[in-house]
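Trainee: There's a structure below that I have some questions on.
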Amino acid sequence: MFNLIAADLFKLRKLIAVKVSILSCMISAASLTIMSYGISKGFISEAISGDLSGLTEIMMISLFGSLMAGVVICQDFEDKSMHHVISAGVGRSTIVRSKFITFGLMIAILLLPYLLTTLVAMIIGVSLPDKIVVSTFLKCLADANGQAISGVQIGKLVIIYIATVVVYVARLSICIPFALIIKKQIFVMIGGFVGCGLIDIVVGLLGELPIFSILLGYTPYSRIYMILGLETNIAVLIKAIIVNLIFIFIMGVISCKIFKRVEVK
């Protein structure tokens with residue numbers, strides 16, 4: 001399985017779609033931090049704070065994460081390498097597991113610029129008002145409140161990053177079985193982005209219902225996991241990681257069952 005993951009990563013680093021996705025996240029993360037800093041210092045009007053949502057990891061990972069799911073799965077079907085791997089005797093369950101790990105690594109890479117820019121902003125003392133917080137990493141800046149950063153805060157920020165990676169992998173894991181069936185990158189990207197958007201709308205409409213809210217807490221689509229911060233209880237972070245890992249495992253099992261029925265030419 002390690003060889004499959006290494007081969008996938010080698011192939012992915014040469015693809016234009018991957019380079020554009022990473023570059024877009026880097027630019028968005030830097031722009032988000034710079035504009036947030038401008039707002040905190042009064043250089044930029046708070047009136048545009050709502051526009052920052054388009055630069056946050058919520059929007060960027062929903063878009064480019066769906067693209068990564070399509071690339072990771074569908075590229076092998078399009079260049080016929082999937083057939084060669086199966087013909088070499090590699091089990092389909094092993095292939096699915098390697099794809100999930102590769103996909104998780106790509107989500108971690110896409111989120112890394114947000115972690116680094118937030119860390120830099122915390123070090124230089126950027127503080128934000130809570131009313132402009134529209135994402136996890138902006139929430140971390142708001143919670144830091146411009147105070148001198150400590151080792152404990154850095155450690156918790158890393159834990160938040162890991163939890164966020166797991167949450168987004170789980171949220172977008174529905175793209176994997178879809179990609180195994182459709183085998184077309186563009187449709188997977190559109191389906192994943194629109195699908196998660198529709199789920200979030202439903203969650204927004206029904207999330208106030210007590211029973212529904214409790215059930216959502218055991219899925220990656222709960223609003224609780226979308227905006228984490230330095231003041232978030234560590235128990236919530238642990239629950240986010242465990243609940244979403246279980247969800248990923250379930251989607252992995254479903255993907256394995258689907259892939260065993262998929263014809264590979």
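The values are calculated or read from the model by the stated rules, or taken from the named source; none is laboratory data. Worth saying up front: this structure is predicted, and the values here are computed from it rather than measured. In this analysis, Cβ positions are derived from the backbone assuming ideal geometry, glycine residues included, and neighbour counts consider all displayed protein chains. Accessible surface is based on the protein model in full, side chains and every heavy atom, while ligands, DNA and RNA are left aside. Shrake-Rupley method; radii C 1.70, N 1.55, O 1.52, S 1.80 Å.
Trainee: Kirkwood Rh over alpha-carbon pairs of segment 196-265, then Stokes-Einstein at 4 °C and 1.567 mPa s: what D in µm² s⁻¹, rounded to an integer?
Mentor: Numbers: Rh = 14.0 Å.
Estimated via Stokes-Einstein, D reaches 93 µm²/s.
Trainee: Which helices of the chain meet both criteria: a Cα extent of 24 Å or more along the helical axis and a mean Kyte-Doolittle score no lower than 0.0, with helices taken as whole DSSP H segments? Spell out each step's value before the answer.
Mentor: Details: long enough: 16-41 (37 Å, 1.35); 57-78 (29 Å, 1.30); 92-123 (46 Å, 1.56); 151-172 (32 Å, 1.75); 185-206 (31 Å, 2.15); 234-259 (37 Å, 2.48).
Helices meeting the criterion: 16-41, 57-78, 92-123, 151-172, 185-206, 234-259.
Trainee: Would you calculate the volume per residue, in Å³, of the smallest convex hull containing every Cα atom of segment 61-114?
Mentor: 68
Trainee: For q = 0.14, 0.18, 0.19, 0.20 Å⁻¹, what log10 I(q)/I(0) does segment 55-189 give under the Debye formula with an equal point scatterer on each alpha carbon and no solvent?
Mentor: Results for segment 55-189 at q = 0.14, 0.18, 0.19, 0.20 Å⁻¹ read -0.69, -0.93, -0.99, -1.06.
Trainee: Going through segment 112-195, which trypsin sites (Lys or Arg not before Pro) have at most 16 other Cβ atoms within 10 Å and a DSSP loop state?
Mentor: Answer by residue number: Lys184.
Trainee: Pairs Lys14/Lys184; Lys14/Lys257; Lys11/Lys80; Lys183/Lys239; Lys14/Lys99: which are spaced more than 24 Å apart, C-alpha to C-alpha?
Mentor: Long pairs (Cα-Cα over 24 Å): Lys14/Lys257; Lys183/Lys239.
Trainee: Would you give the gap between the C-alpha center of segment 109-128 and the C-alpha center of segment 211-264, rounded to a whole Å?
Mentor: Rounded to whole Å, the Cα centres lie 25 Å apart.
Trainee: Okay, next question. State the percentage of accessible surface on the chain attributable to carbon and sulfur atoms; use a 1.4 Å probe and exclude ligands, DNA and RNA.
Mentor: Carbon and sulfur: 71 percent of the exposed surface of the chain.
Trainee: Ranked by accessible surface with a 1.4 Å probe, highest first, in what order do Met35, Met1, Met226 come?
Mentor: Met1, Met35, Met226
Trainee: According to the Kirkwood expression over distinct Cα-Cα pairs, how big is the hydrodynamic radius of the chain, in Å?
Mentor: Hydrodynamic radius (Kirkwood, Cα only) of the chain equals 19.3 Å.
Trainee: What number do you get for segment 109-265 when its Cα radius of gyration is normalised by 2.2 N^0.38 Å, N = residues?
Mentor: 1.18
Trainee: Here is a further query. In square angstrom, rounded to the nearest 10, how much accessible surface does Phe103 have for a 1.4 Å probe?
Mentor: It works out to around 0 Å².
Trainee: On the full set of protein chains, 1.4 Å probe, figure out the accessible area of Tyr225 and give it in Å² to the nearest 10.
Mentor: Tyr225 has an accessible surface of roughly 10 Å² with all protein chains in place.
Trainee: On to the next question. Multiplying the sequence separation of Met59 and Leu205 by 0.36 nm and subtracting their Cα-Cα distance, what value in nm do you get?
Mentor: So the extension gain works out to 50.6 nm.
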